Amino acid sequence: MTAEIVAWLAQDGITNGAIYALLALALLLVFTVTRVIFVPQGEFIAYAALSLALMESGRVPGTIYILLAGGALAAAMETARAVRERALARLPRILALYVVLPAAVAGAVWWAVPRNLAQWVQILLVLAMVVPLGPIMYRVAYQPLASASVLVLFIVSMAVHYVLMGLSLVFFGGEGLRSRPFSEGQFQLGVLNVSAQSLWVVAASLVLIAALWFLFERTIYGKALRATAVNRVGARLVGIPTNLMGQLSFLLAAFIGAVSGILISPITTLYYDTGFIIGLKGFVGAILGGMVSYPLAAVGALAVGLLESFASFWASAYKESIVFTLIIPVLVWLSLRSHHVEEEEEK
Amino acid sequence: MNRTLLAAVAAAATLGAAAAHAEITIGVTLGATGPGASLGIHYKNAFQLMPKTLGGEPVKYVILEDGSDATNAGKNARKLITEDRVDAIMGSNGVPSSLQIAQVAFETKTPYVCLTPISLPPEKYHWTFVVPQPTELMMGAVAEHMKANGVKTVGFIGFSDGWGDLMYKATTHHAAAYGYKVVTDERYARADTSVTGQILKILAAKPDAVVVGGSGTGGALPHVALVERGYKGRIYHNHGTVNAEFIKVGGKAVEGAIAPTGPLIVPEELPANYPTKKVSLDFTKRYEEAFGAGRRNAFGGYSYDGVLILDAAVPAALKKAKPGTPEFRAALRDALEGVKNVVGSHGVYNMTATNHNGQDERARVLVRVENGVWRLLK
């Protein structure tokens, strides 16, 4: 194994690790704010990447139907609640948020697809399609059960994951897709031939991580999210709308997932079900960070990327086993080291 | 008056029952969802183009979904045999699923037309007939081409599943006879986002050519990575990879990729006297008319050929027993073993007691990606 190979593998590991780091942050954010282990995180990757690839080949992605139907469902649930609480003044807002907005996005996509617009416009449209799915998902599947136990929420996550994966197969088909790279550029860095796309990935991850830090440290919404994460009941008592925080955390998770998907779709082939495995590796990263600390989760995810890359060189047939086996010693160590706290039931 | 009507109804019912009794039932289990969906969809599509009769008798296809899961495939097979009383069973789109079905077919004494290449212990082949070309036959074409081009060392990278194993076995099977050495056995998963590690290892071994044991669009990832890292040798694929989506995903990088496949992928380019030309051309045309231009693939052809083989065997079995009985199933099995010169979309089938596939070199052609389409390599 020469220094050159080490450099190549490290570059590859860092590119993948950057994606896993983003996902680990999203998973951690959702978990701390809502206690949801967010299995469908990976679906946002697949939806964004495959929608982009389909739009590039001039087809209307089925994502818009999911958006419209999901929006209608959320609107119906909200309307029922508004009627029950005799707060009909909320109706215009509900309609605007869950019906008019998705319809406008769907219309824009319909209009844009045959015109084959510039790539950045298509990327914006993909974000507009995929990101609202996050809050809609929270409203439809999680909010009614917001105070259930972690286990119940996890099972809901599995259900949402299977529903979305099934829809993904229906709308995107079984074969893999790839989108065009943002730039074809390659440049020399010592012995390495670094592709501009992998720099995009790393740079975008860094920017997003910095933006998240800014959000949490410097904005009122970020502070409210942190407060909810620390203590849900306490946050509600001081007047933080915890449902809104749940939706906000899902919005961020969907945004991070969609950005990850858009970033990697030019460098790999994505399938309707790939997102799950990628999300799972982000999850391993988050676990390596103990499911509590953002910087540790990011470091853990980077370690997963590097380990994966080196494992694929040494023993490619056992790569996945090596990556996922890593969880066991870490969990053992965490459980030995932490004093046991029974899961708090908030009722 | 009432009595006559009643009698008429009774007569009609008896006739109907008799007609239903002569109907042949074929049970099918396929996975158009789950990890094998990209193949399973094509296998399933083909059943919309199937003949409505087998050996002149009406036929009913009972198609169940197994989600590309081996356990489900086995359960489906059992259900089809015990509840639907099928006369023969077909499926599935994954090697592990097919192994499960073969076991059920063996236990229940039901003829099984297998739609993936599998390898079984000899006694288990008794009830199983395999439609796709054996991987050794297919990779033999690759081995020939490598020998003709002076390839001495071969790097292998394939899926980390049963398909990857089959391809590795087939590639090493021909090594001695065709004078090359397989220098790497790298594995990757379809859902992997990167194969950099594996590719670096292959490049370090400096092979004259690389064989990719993936399937469908999954074959594109290592090919693209090899080209990006400046690999200049030939890159060979296998018959699981040949479809239009592979080229769409791989783009310019997969230009020049060579793969063996059944003749139905390039029927237009076959010489006029090619034995399967008419059937291949007809099936490909009908498939693309029904499911869209450029959707041609090997998998739909396997389903179609499986039914053609059954069609050829049914008349002999009908002489011995009535459909729906164990005697008919046994007779059908014997008849399947005797089918001769059945021209399918993939090749010409001549079954014998020891060869339950019956294909020969006529069932394979080499194709190459030229200007973004698979063309016959002449």
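Things worth noting here:
- For chain B, the relative contact order is 16 percent, taking Cα pairs closer than 8 Å that sit 6 or more residues apart in sequence and dividing their mean separation by the residue count.
- Contact with the other protein chains removes 30 Å² or more of accessible area, compared with the isolated chain and a 1.4 Å probe, from these residues of the stretch A:264-291: A:268, A:269, A:271, A:272, A:273, A:274.
- Rg and Dmax, both from the Cα atoms of the stretch B:135-261 and both in Å, are 12.8, 36.
- FRET efficiency estimate (nearest 0.05) - Cβ-Cβ, residue A:191 to residue A:330, R0 35 angstrom: 0.55
- Measuring nothing but how far apart in sequence close Cα pairs (under 8 Å, 6+ apart) lie, relative to its length, the stretch B:135-261 scores a relative contact order of 27 percent.
- Computed from point charges on the beta carbon alone (+1 for Lys and Arg, -1 for Asp and Glu), the dipole magnitude for the protein assembly as shown about its Cα centre is near 880 Debye.
- The apolar share of the surface of the protein assembly as shown, taken as the fraction of accessible area on carbon and sulfur atoms (1.4 Å probe, ligands and nucleic acids excluded), comes to 64 percent.
- For the stretch A:261-276, backbone phi angles converted through the Karplus equation (6.51, -1.76, 1.60; θ = phi - 60°) give residue-by-residue couplings of x, 5, 5, 8, 5, x, 9, 8, 8, 10, 10, 4, 10, 5, x, 4 Hz, Gly and Pro being listed as x.
- Based on DSSP H segments of at least four residues, each scored -39500 (n - 2.57), chain A has a per-residue ellipticity at 222 nm of -23000 deg cm²/dmol.
- Distance from the stretch A:193-270 to the stretch B:137-154 (C-alpha centre basis), Å: 51
- Highest GNM mean-square fluctuation among A:311, A:53, A:298, for chain A modelled with Cα contacts below 10 Å: A:311.
- With all protein chains in place and ligands, DNA and RNA left out, the 1.4 Å accessible area ranks A:214, A:255 as A:214, A:255, largest first.
- At an R0 of 22 angstrom, the distance between the Cβ atoms of residue B:293 and residue B:255 translates into a FRET efficiency of 0.55.
- For residue B:367, the residues whose amide H sits under 5 Å from its own are B:259, B:261, B:377, ignoring neighbours fewer than 5 places away on the same chain, with H placed 1.01 Å from N.
- Surface analysis of the stretch B:135-261 yields an accessible area of 31 Å² per residue, using protein heavy atoms and a 1.4 Å probe.
- Solvent-accessible surface ranking, highest first, for A:147, B:97 at 1.4 angstrom: A:147, B:97
- Backbone N under 19 Å from the residue B:322 label point (7 Å along Cα→Cβ), restricted to the stretch B:28-53: none
- Between residue A:77 and residue A:237, the FRET efficiency from the beta-carbon distance, with R0 = 30 Å, is close to 0.70.
- Label positions at residue A:84 and residue A:206, each projected 7 Å from the Cα along the C-beta direction, are separated by 5.0 nm.
- Among the protein heavy atoms, those of residue B:327 account for about 110 Å² of accessible surface (1.4 Å probe, every chain in place).
- When the stretch B:301-371 is described by a simple charge dipole with +1 on each Lys and Arg Cβ and -1 on each Asp and Glu Cβ, the residue from B:353, B:343, B:321 located farthest towards its positive end is B:321.
- Distant-in-sequence amide H partners of residue B:183 (H built 1.01 Å from N, under 5 Å): B:154, B:155, B:156
- Rounded to the nearest 20 debye, the dipole size of the stretch B:135-261 about its Cα centre is 360 debye, using +1 on the Cβ of Lys and Arg and -1 on the Cβ of Asp and Glu.
- Chain B: most fluctuating residue of B:353, B:257, B:331 per GNM, C-alpha cutoff 10 Å: B:353
- Working from the Cα coordinates of chain B, the gyration tensor eigenvalues give, after taking √(5λ), semi-axes of 41, 20, 19 Å in decreasing order.
- Interface size A-B, as summed buried accessible area [1.4 Å probe, Å², nearest 100]: 2600
- Near residue A:303: Cβ cut-off under 15 Å, other residues only, Lys/Arg at +1 and Asp/Glu at -1. The net charge is 0.
- Label-to-label distance, nm, for residues given as residue A:112 and residue A:162 (7 Å Cα→Cβ offset): 3.4
- Cβ-defined net charge surrounding residue B:31, 12 Å radius [Lys, Arg +1; Asp, Glu -1]: -2
- Point-charge dipole on Cβ atoms (K/R +1, D/E -1) for the stretch A:71-189, about Cα centre, debye to 20: 360
- Accessible surface ranking that places the most exposed of B:123, A:175, A:184 first, with a 1.4 angstrom probe: A:184, B:123, A:175
- Residue A:294 - accessible surface, heavy atoms, 1.4 Å probe, Å² rounded to 10: 70
- Estimated translational diffusion coefficient (Stokes-Einstein, Kirkwood radius over Cα pairs, 37 °C, 0.692 mPa s) of chain A: 156 µm² per second.
- Positive-end ranking of B:254, B:143, B:209 along the dipole of the stretch B:135-261, with charges on Cβ about the Cα centre, is headed by B:209.
- Between A:269, A:242, A:34, the Gaussian network model of chain A with springs among Cα atoms under 10 angstrom shows the greatest mean-square fluctuation at A:269.
- Formal net charge of residues neighbouring residue A:277 (Cβ-Cβ distance under 13 Å; K, R +1; D, E -1): -2
- Descending semi-axes in Å of the protein assembly as shown, equivalent ellipsoid built from Cα gyration tensor: 48, 35, 23
- In sequence order, calculated HN-Hα J values of the stretch A:214-224 (Karplus, 6.51, -1.76, 1.60; Hz; x Gly/Pro): 4, 4, 6, 8, 10, 10, 5, 5, x, 5, 5
- Close amide-amide hydrogen proximity is noted between residue B:213 and B:157, B:158, B:159, each under 5 Å apart and 5 or more residues distant or on a separate chain (H modeled in the peptide plane; Pro and chain starts excluded).
- For the stretch A:21-85, GluC sites (Glu not before Pro) meeting the loop criterion (DSSP other than H, G, I, E, B) and having at most 15 other Cβ atoms within 10 Å: A:85.
The values are calculated or read from the model by the stated rules, or taken from the named source; none is laboratory data. Computed from a predicted model, the values in this text were never measured in an experiment. Cβ coordinates were reconstructed from backbone atoms using ideal geometry, including for glycine residues, and neighbour counts include every protein chain displayed. Accessible surface is based on the protein model in full, side chains and every heavy atom, while ligands, DNA and RNA are left aside. Shrake-Rupley method; radii C 1.70, N 1.55, O 1.52, S 1.80 Å.
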